[in-house]
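In what follows, a structure is listed as structure tokens, so that the remarks can point back to it.
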Amino acid sequence: CSGCHVKGGNIIRRNKTLKLKDLKRNSLDDPEAIASVARLGIGIMSGYKDSLEEGEDQLIANWI
């Protein structure tokens with residue numbers, strides 16, 4: 001995550017950050033939505049379902 005989301009920002013697309021105002025604007029402000037993005041990806045962001053252990057998507061979502 002930190003490769004593109006340095007300090008919660010986004011080095012590729014400025015309005016796709018991990019900051020609450022952007023998460024809300026993009027309808028990604030709940031843990032299940034974030035977990036889904038971690039698993040499946042969204043837009044140009046790849047998903048990580050093949051790399052994540054069971055439940056790690058929820059850990060990531062709760063951390064964000």
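So in the stretch 2-20, with the set limited to residues that are closer than 15 Å to G43 by Cβ and among the polar types (S, T, N, Q), which one is nearest to the chain's Cα centre (by Cα)? The qualifying residue nearest to the chain's Cα centre (by Cα) is T17. The set of residues from the stretch 17-60 being open to solvent by 50 Å² or more (accessible area, probe 1.4 Å) and in contact (Cβ under 8 Å) with a residue 40 or more places away in the chain comprises just one member, M45. Of all residues in the stretch 43-59, those satisfying the criterion of being under 10 Å from the mean Cα position of the chain (by Cα) and at pLDDT 95 or above are G47, D57. Residues in the stretch 1-16 that are under 15 Å from I60 (Cα atoms) and buried (at least 16 other Cβ atoms within 10 Å of the Cβ): H5 only.
The values are calculated or read from the model by the stated rules, or taken from the named source; none is laboratory data. This structure is a prediction, so every number in the text was calculated from the model and none was measured. Please note: Cβ atoms are built from the backbone with ideal geometry, for glycine as well, and neighbour counts cover all protein chains shown. With ligands, DNA and RNA removed, areas are computed over all heavy atoms of the protein, side chains included. Shrake-Rupley method; radii C 1.70, N 1.55, O 1.52, S 1.80 Å.
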